[in-house]
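What follows is a single structure, written as structure tokens, with notes after it.
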Amino acid sequence: MSIEGSTFLITGGTGSFGQHVVRRLLQFDVKEVRVFSRDEKKQGDLRSQLKDPRLKLYLGDVKDRPSITDAMRGVDYVFHAAALKQVPSCDFFPMEAVKTNIQGASNVMRSAKAHGVKKVIVLSTDKAVYPINAMGMSKALMEKVMIAQSRNSENTVFAGTRYGNVIASRGSVIPLFIKQVRDGVPLTLTDPAMTRFLMSLDEAVDLVLYAFTHASQGDIYVQKAPAATVQTIASAVSKIFDVPHQQEVIGTRLGEKRHETLINREEFSKSIEWDKYYEIPSESDDIDFDKYVSEGESFLDSQEYSSYNTKRLTVEETIDVLMGNSDIQEILYSNQLRKIHSGAKVF
């Protein structure tokens with residue numbers, strides 16, 4: 001697999017991950033990077049920010065197969081990031097999650113196969129493991145669609161990645177804590193003992209590029225990542241912004257897990273461990289119904305891989321992780337400028 005001279009299609013390319021991977025790919029000698037999304041405002045912003053003739057913008061929706069077809073012609077590789085990601089939205093409108101996260105993903109994969117794309121990497125989430133909400137359920141089925149496609153594809157490789165909480169991304173608790181610090185209100189904690197993986201958008205891009213380089217049919221890759229409790233994260237944000245430590249416990253919200261799980265017990269028993277990643281090999285190379293009906297397989301008892309049993313960060317270690325994130329640094333820098341111009345001592 002070669003990045004140089006290739007054409008990439010990024011569905012959901014104006015989202016947090018999409019914009020980061022677009023910028024990373026344009027650092028290479030690519031032929032073209034196509035952004036496919038339904039947000040014309042963000043597309044216009046991206047065009048004006050990057051001003052790169054290799055960037056091509058396609059307005060469309062993964063639910064609309066013809067619009068994908070127009071963008072797919074001549075593409076070598078696809079990173080499928082388009083999705084409905086907000087848990088409450090998917091729970092209130094589950095059929096929209098089905099149409100976007102399952103049927104939309106199927107449209108992308110079928111179109112890629114029909115147009116001879118070399119490899120498709122679909123992005124999944126920890127919420128697909130032991131799913132308890134519509135968003136996770138739809139993503140779990142997306143993974144099954146990907147694996148089914150991989151069984152019946154000779155020329156196009158289908159693989160996936162899973163990741164948990166991405167620092168400063170849309171929906172992350174960290175931007176909420178920062179806003180609450182700025183507003184001078186207590187930091188609201190759902191459950192102080194709740195744990196979350198911490199990884200940056202750059203690491204999310206690294207994971208996808210690793211899968212792009214190494215994945216075989218049906219594989220799913222997971223990054224090894226540290227975790228911290230919600231209370232630790234809140235304390236770290238308070239120390240970074242040098243404000244009084246005020247926290248308010250509000251209780252766990254509907255559809256929320258206490259811990260994130262990236263690999264379940266059954267998957268972990270067959271996972272392959274690499275230096276920075278786990279590889280979950282495809283369930284099978286073909287459709288073998290005997291394994292589902294009559295034969296069975298030996299089961300190796302193992303633990304899952306979750307934010308509860310991974311490396312747990314202290315407050316100081318969490319501060320180091322957050323301070324190493326470019327988005328957090330940008331927020332801090334812009335805040336310092338505001339304080340200088342206003343003469344204020346606090347936000």
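No value in this document is a laboratory result; all are computed from the given coordinates. None of the values given here were measured: they were computed from a predicted structure. Here the Cβ is made from the backbone with ideal geometry for all residues, glycine too, and neighbour counts use every protein chain on show.
For a 22 Å ceiling on Cα separation, which of these pairs sit above it: K85/K113; K41/K63; K31/K63; K99/K257?
Too far apart for the 22 Å limit: K85/K113; K31/K63; K99/K257.
Between the stretch 200-263 and the stretch 1-65, how far is it from one alpha carbon centroid to the other, in angstrom?
25
What shape does the stretch 7-342 have by the C-alpha gyration tensor, where a ≥ b ≥ c are the square roots of the eigenvalues, rounded means a/c under 1.5, and otherwise prolate means a/b greater than b/c and oblate the rest?
In terms of gyration-tensor shape, oblate.
Quick check: from the Cα gyration tensor, does the stretch 88-212 come out rounded (a/c under 1.5), prolate or oblate?
Prolate, since a/c reaches 1.5 and a/b exceeds b/c.
What is the spin-label model distance, in nm, from D320 to K51 if the labels are put 7 Å beyond Cα along the C-beta direction?
Those two pseudo-labels are separated by 3.9 nm.
What is the distance in Å between the Cα centroid of the stretch 78-112 and that of the stretch 113-179?
Between the Cα centre of the stretch 78-112 and that of the stretch 113-179, the gap is 9 Å.
Using the alpha-carbon atoms, what tilt in degrees (0 to 90, nearest 10) does helix 326-342 show relative to the longest principal axis of the chain?
Here the helix axis deviates by roughly 30 degrees.
Just to be sure I understand: with springs between alpha-carbon atoms less than 10 Å apart, which residue in D320, D183, D202 has the highest mean-square fluctuation in the Gaussian network model of the chain?
Evaluated over the chain, the most mobile residue of the options is D183.
For helix 173-183, what angle does its Cα long axis make with the longest principal axis of the chain, in degrees from 0 to 90 and rounded to 10?
That works out to roughly 20 degrees.
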